[in-house]
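The next block holds one structure in the form of C-alpha cells; read it before the comments.
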Amino acid sequence: DDQFVFAQPVITETSVVVRLKNIIYCYSILNGTLRWKNDVGGRAVSQSWISRQYPLEDLVIQDGVIVSPIIKGGSVSLVALDETTGQIKWCYGNMNSSEGDESLMRFKCAPAVGPGTIYANYNLDNIKGDTHIDTEYGVIAFEITTGRVKWRRQICRLQPGKFDGEFNTNVRRNRIRSFFTPPLYHEGTVYISTNSGAVAAM
C-alpha cells in the first residue's frame, strides 16, 4: 500500500548502505552481496498505522559509524551502527531510556556530520500528565564513536495550537506538527531550520 519510497543509498569504500521501512541494509560495493541487515526497530509497516508515518529514510556514515533515526513503539530514537558488523554502537532516545528528557525526544531527520561529531536535531515534548505544555526544538552534538553528548542547545519552544495537527489529531498526543529539515555542517558552523519559523547558525 506504499505510495512513496524514501530511500537514498550512501556509498563508502566497501559498502552500499540503505535504510528502507525502518530497516538498515548493508551490501558489498563489489558484488552487491547482502553483508548484514539491522531491524532493531522492527519493520515500520508492521507497527501501528501512526508509526508508519516514518521520517525520510536518510542516514549518514562517518568514521565507520552509520547513524539514522529509527522507529520503535511509535517513538524515534537516534541509532549508531558499526559499518562492518551492523551491531549497535550507541543509541539515544526512547530505545535507550524509559524516563527523563531522553525518553521524550524525537529525531525526525538525518543528522549532519563534522570532524568526529554528529549534529542531530530533536523535538522534545513537555508533557505533564495528560497536558502537552509545549515542544522544544534543539540540536545535540554527539561524539560519533561513543555517543557521548558534547553539548545540547535549545533553539526555540512552541506551544500547542500554533500549528495544525500532525496526521490524525484525534489519536496523537502532540498537536504540534513540529519537524526539522536535516542540519548542515560547514567549516565549523552548524546551520538548522525548523517549521516553527526559527533559523539558526551555531
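The values are calculated or read from the model by the stated rules, or taken from the named source; none is laboratory data. What you see is a predicted model; the values in this text were computed from it and never measured. Neighbour counts are summed over all protein chains in view; Cβ atoms, including those assigned to glycine, are modelled from backbone coordinates with ideal geometry. We work out accessible area using only protein heavy atoms, side chains counted, and drop any ligands, DNA or RNA first. Shrake-Rupley method; radii C 1.70, N 1.55, O 1.52, S 1.80 Å.
Exactly one condition in (1) closer than 22 Å to A200 by Cα; (2) modelled with pLDDT under 85; (3) open to solvent by less than 40 Å² (accessible area, probe 1.4 Å) is false for E166; which is it?
(1)
Would you please name the residue that is farthest from L78 (Cα to Cα), looking only at residues in the stretch 88-102 that are assigned to a loop (DSSP other than H, G, I, E, B) and open to solvent by less than 80 Å² (accessible area, probe 1.4 Å)?
G100
Mind checking which pairs have a first residue in the stretch 11-33 that is closer than 15 Å to D82 by Cα and a second that is among the β-branched types (V, I, T) and assigned to a loop (DSSP other than H, G, I, E, B), Cβ under 6 Å, 6 or more apart or different chains?
Taking only residues 6 or more apart or on different chains, the pairs are T14/I29; S15/I29; V16/I29.
Does any residue of the stretch 76-84 turn out to be in contact with a Lys or Arg (Cβ under 7 Å, 6 or more places away or on another chain), more than 25 Å from Q154 (Cα to Cα) and at pLDDT 85 or above?
There is at least one residue in the stretch 76-84 that is in contact with a Lys or Arg (Cβ under 7 Å, 6 or more places away or on another chain), more than 25 Å from Q154 (Cα to Cα) and at pLDDT 85 or above.
Being at pLDDT below 95, of a type in the set (V, I, T) and assigned to a strand (DSSP E or B) is true for just one of T145, T135. Which residue is that?
The unique qualifying residue is T135.
Of the residues that sit in the stretch 103-130 and are β-branched (V, I, T) and open to solvent by 30 Å² or more (accessible area, probe 1.4 Å), which one is farthest from the chain's Cα centre (by Cα)?
Top of the filtered list is I127.
May I ask you to list the residues in the stretch 103-132 that are outside any strand (DSSP E or B), farther than 19 Å from I155 by Cα and either charged (D, E, K, R) or touching an Asp or Glu at 6+ places or on another chain (Cβ under 7 Å) (or both)?
G116, D130
Report yes if Y54 is of a type outside the set (K, R) and at pLDDT below 80, otherwise no.
yes
For the stretch 178-194, state whether one or more residues are within 16 Å of L104 (Cα to Cα), assigned to a loop (DSSP other than H, G, I, E, B) and either modelled with pLDDT of 75 or more or open to solvent by 60 Å² or more (accessible area, probe 1.4 Å) (or both).
yes
Under 7 Å between Cβ atoms, at least 6 apart or on separate chains: pull out the pairs that start in the stretch 105-119 with a residue that is farther than 14 Å from V190 by Cα and end on any residue that is among the polar types (S, T, N, Q) and open to solvent by 10 Å² or more (accessible area, probe 1.4 Å).
As it stands, the answer is R106/S75; C109/T181, since those pairs meet every condition given.
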